[in-house]
Amino acid sequence: LFPGVRQAQWLTKTKLVEGLPPAVQGIVDNPAHGLQELEERAKYAVSHARLWDTAEVAPRREQYCPVLFENLIHICRLMSGKYPSLTKRMLARNCRIAATWERESILLQVRGLSGILMNSMTPIPPVASKEEILATKEHVLETFYPIAPTIDLQEVNVYKELNDTGECFRDGYPYSHPHTLFFLESANVRTDRFRPEQLRAKMLMFAFGNALAKAKALHGNDPKVLEQPVVVQSIGTDGQLFQFMVFQLNTTDLVSNDGIKNLVWIDSDQNLYEKAQCVPEVKKRVVTKPAGISGFQPDTFKKFLALYLHGTV
Amino acid sequence: MAALGARRLLRAGRRWFSETVPAAPSPPASPLYPPVVASVTAKSKAAKSRRLQRFNQRVHAAATVEEKLRLYGKLQRPKYTVYPQTFALNADRWYRSFTKTVLVPGMPPRAAAAKPPVAAAGTTLEAGRAPEPGAEAPGAAQAPEAVKTPEPATGAAPYLDMGELRSVACDALLQESFYQNKKRPFLYRDQDHTPGPFLTQLVSTLAAFLSSRNPLLAASSLDLKPEVNYYWHHGEEVVLHGHRKGRVDPVRFQIDDNPHLQIRVPKQLPEVVPLESDLGDVPVIDHKPSKLPLFKKQYENKVFIGSKVADPCCYGHTQFHLLPDKLKRERFIRERLEDQIEVVYRSNGIASLFAWTAAQAMYQGFWSEADVTRPFVSQAVVTDGKHFAFFCYQLNTLALSAETIKNNPRKNICWGTDSKPLYDVVEDGNVKGFNDEVLLQLVRFLLNRPKEL
């Protein structure tokens, strides 16, 4: 209907900030992490996923999207040679999320398979300073009068309010802090995929759900302002376009519209490469476009890696 | 008159004779007739061999590797599909005869310099020559200072912390089997529910953990569920029915394999033994391959290592195979075929590794008429989630077709262990009976690298 992120903001009582937070941007710009050398490897990763992975001429999106993701994660994981604390991470696939909260007397719930989740043993430190958190008090949430904010949401009779950390990890799980959620839009048909705006809204809702469940597990079910804000990151892609998001949960007091709000930083529509040509395009016996990846943007990969390293570096 | 005529004739004859005396040997002219060779289109043995020679020349003269592969597999005829994961009895003997492989039990002896010292809390394991994981008895009465460091010149390499590795493995195992709440496994899909994800987690975290020690791993490429194919000829048979009845044809085989996980690297693993070594015998089986049972089908002749020729990571390092539910141990025990359990692991190791190494060799331009000049080495781990069997394969020859195998003394070699359990049971968030040696062997596999690195 209309931009989904604004609706999601209202539902989760969040203030939006464009671009990545300064902590993450600092990791991107810091040359000590050796991000330049990894450009070559990232380019190979993209070429492998888009061009070389199959015995047929060109792989389909259902194949190349997960393969690209796996390749990029493999490069990121190999950094644990340099930063040993990176081994304290674990990937969980097919995890289910369920979280409920109240918003101006409307009970809302987030449920479903939330893609791939990366957990870590240590939480991410809060990204926004205390002043910024206090400043959100003045921020007024956008309302969409006369459209109800719960438009396009499915109304369901909930008999049990579930508040697990979604994938229902049992107690005693060492990697208890959700770190990053990954969403892969890999359907072949374009109409089955989420459009970038909807993908961002989905990422926000699921990041919020995970953060809320974690906060409730840590601090109890009462709505209150959190001393230690919970930070959950989220990355969504369709194989070419990347959306980066960092969500900080400052308060579980979501019933009222005033008070401290949560914060989200979104960096949207980052292209990793322009075009992947599997077969050289030949017009009138002259090669116009050679085979290969064109328009590779190393910055997008640097941001991916920075979000991965965030919290341990 | 007659005398005048005779004199004229005599003079004429003399001139004729003088004309025929060759003055000097004339320069050698190009042959007047083209060389006499067999026809190309006739139905004769000579014509068939001439056609084969022309085909071989075409493949030899191909400009790129892709073109060579295309010509190599251009002709489609019915061929036997060889499945690496099979329930056939004694399949590993058959596969060894198809691929001319010698099976050597145990692990290959490695040079002392390739092993980092390992220290564990309480027990010290001797680093160095260790042909079999079982030969290293832990808890040997050695003081920690007496552990031989194999690289004294380069300074003591940091100890490989066994405890850390064990915790990594246990965490992966516990997450997949205990901590993460999953739905019930789908019918007959037990392997996708727990052992599959566990293997993926274990390998990816171990590879990342060990990448600081092994620069080859740092440049590697990890594939999930890749495809590996290879097509070859071995032996001859007579066509039985059809319009080609009575002709002598090579026996064609094709392996289409889907390992669970594979690591490809840009540099080749070093050779284990020299190219011409002979470590045993290849079993000879007099029956037709269809008696195994093996069935014929005709489809595309693919040669593929997991990615196309243009990929820089064109050599293989390690493959990981997961045995499906159909081949689990309980079924064999129930049918009183306990000795076939190891056969399953061995046949999977031999067939998959042969296909992978041979496809790697073809990507470098070698084929059955142009045999390899250096051995290709790869490793594999075959597991059903709990029991692990390790294999190392060295490809010494690709020349397996009927003409080229006659004067070929080389044999391919496969080293393999029996399957050993990694742990006994998982209960209440604890892993009971964890076997360090299996993990150590896995770590050794991942740390394998060329000598110059």
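The values are calculated or read from the model by the stated rules, or taken from the named source; none is laboratory data. No experiment lies behind these values; they were computed from the predicted model shown. Backbone-built Cβ (ideal geometry, glycine too); neighbour counts: all protein chains shown. Accessible surface areas use protein heavy atoms only, side chains included; no ligands, DNA or RNA. Shrake-Rupley method; radii C 1.70, N 1.55, O 1.52, S 1.80 Å.
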message = I need the full set of residues from segment B:197-215 which are open to solvent by less than 30 Å² (accessible area, probe 1.4 Å), in a helix (DSSP H, G or I) and facing another protein chain (nearest Cβ under 10 Å), in order please.
response = B:THR200, B:GLN201, B:SER204, B:THR205, B:LEU206, B:ALA207, B:ALA208, B:LEU210
task = Could you tell me which residue of segment B:179-188 is surrounded by the fewest Cβ atoms within 10 Å (Cβ to Cβ), considering only residues that are part of a loop (DSSP other than H, G, I, E, B) and within 11 Å of chain A (Cβ to nearest Cβ)?
result = B:LYS183
message = Considering only residues that are more than 14 Å from chain A (Cβ to nearest Cβ), surrounded by fewer than 22 Cβ atoms within 10 Å (Cβ to Cβ) and part of a strand (DSSP E or B), which ones fall in segment B:216-251?
response = B:HIS233, B:HIS234, B:GLY235, B:GLU236, B:GLU237, B:VAL238, B:VAL248, B:ASP249, B:PRO250, B:VAL251
query = Using beta carbons and a limit of 6 Å, which pairs, at least six apart or on different chains, have the first residue in segment B:298-327 and under 22 Å from B:PHE391 (Cβ atoms) and more than 10 Å from chain A (Cβ to nearest Cβ) and the second one surrounded by fewer than 23 Cβ atoms within 10 Å (Cβ to Cβ) and among the small types (Gly, Ala, Ser)?
reply = B:LEU322/B:GLY196
ask   = How about segment A:1-87: which helices (runs of 4 or more DSSP H) wholly inside it have at least 2 residues that are open to solvent by 50 Å² or more (accessible area, probe 1.4 Å), at pLDDT 85 or above and touching a strand residue (DSSP E or B) at 6+ places or on another chain (Cβ under 8 Å)?
value = A:38-47
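Here is a yes/no grid of residues against (1) loosely packed, with under 13 Cβ neighbours inside 10 Å; (2) in contact (Cβ under 8 Å) with a residue 60 or more places away in the chain; (3) within 30 Å of B:GLU66 (Cβ to Cβ):
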| site | (1), (2), (3) |
| --- | --- |
| A:VAL246 | no, yes, no |
| A:LEU249 | no, no, no |
| A:ASP258 | yes, yes, no |
| A:SER268 | no, yes, no |
| A:LYS289 | no, no, yes |
Extreme residue, nearest to the other protein chains (Cβ to nearest Cβ), among residues of segment B:328-350 that are aliphatic (A, V, I, L, M) and out of contact with any Leu (no Cβ under 8 Å at 6 or more places or on another chain) = B:ILE341
request  = Would you confirm whether any residue within segment A:80-88 is touching a helix residue (DSSP H, G or I) at 6+ places or on another chain (Cβ under 7 Å), within 20 Å of A:PHE296 (Cα to Cα) and either more than 7 Å from chain B (Cβ to nearest Cβ) or basic (Lys, Arg) (or both)?
outcome  = no
query = Which condition number in (1) open to solvent by less than 30 Å² (accessible area, probe 1.4 Å); (2) in a loop (DSSP other than H, G, I, E, B); (3) farther than 22 Å from B:LEU447 by Cβ; (4) not charged (D, E, K, R) is the one that B:ALA351 fails?
reply = (2)
key: Among (1) more than 8 Å from chain A (Cβ to nearest Cβ); (2) within 28 Å of B:TYR315 (Cα to Cα) - the single one B:GLU176 does not satisfy   = (2)
message = Could you check segment B:370-387 and list, in sequence order, the residues that are assigned to a strand (DSSP E or B) and not aromatic (Phe, Trp, Tyr)?
response = B:VAL377, B:SER378, B:GLN379, B:ALA380, B:VAL381, B:VAL382, B:THR383, B:HIS387
key: Counted residues, segment A:215-241 - those being open to solvent by less than 40 Å² (accessible area, probe 1.4 Å), more than 21 Å from A:SER129 (Cβ to Cβ) and not in a loop (DSSP other than H, G, I, E, B)   = 5
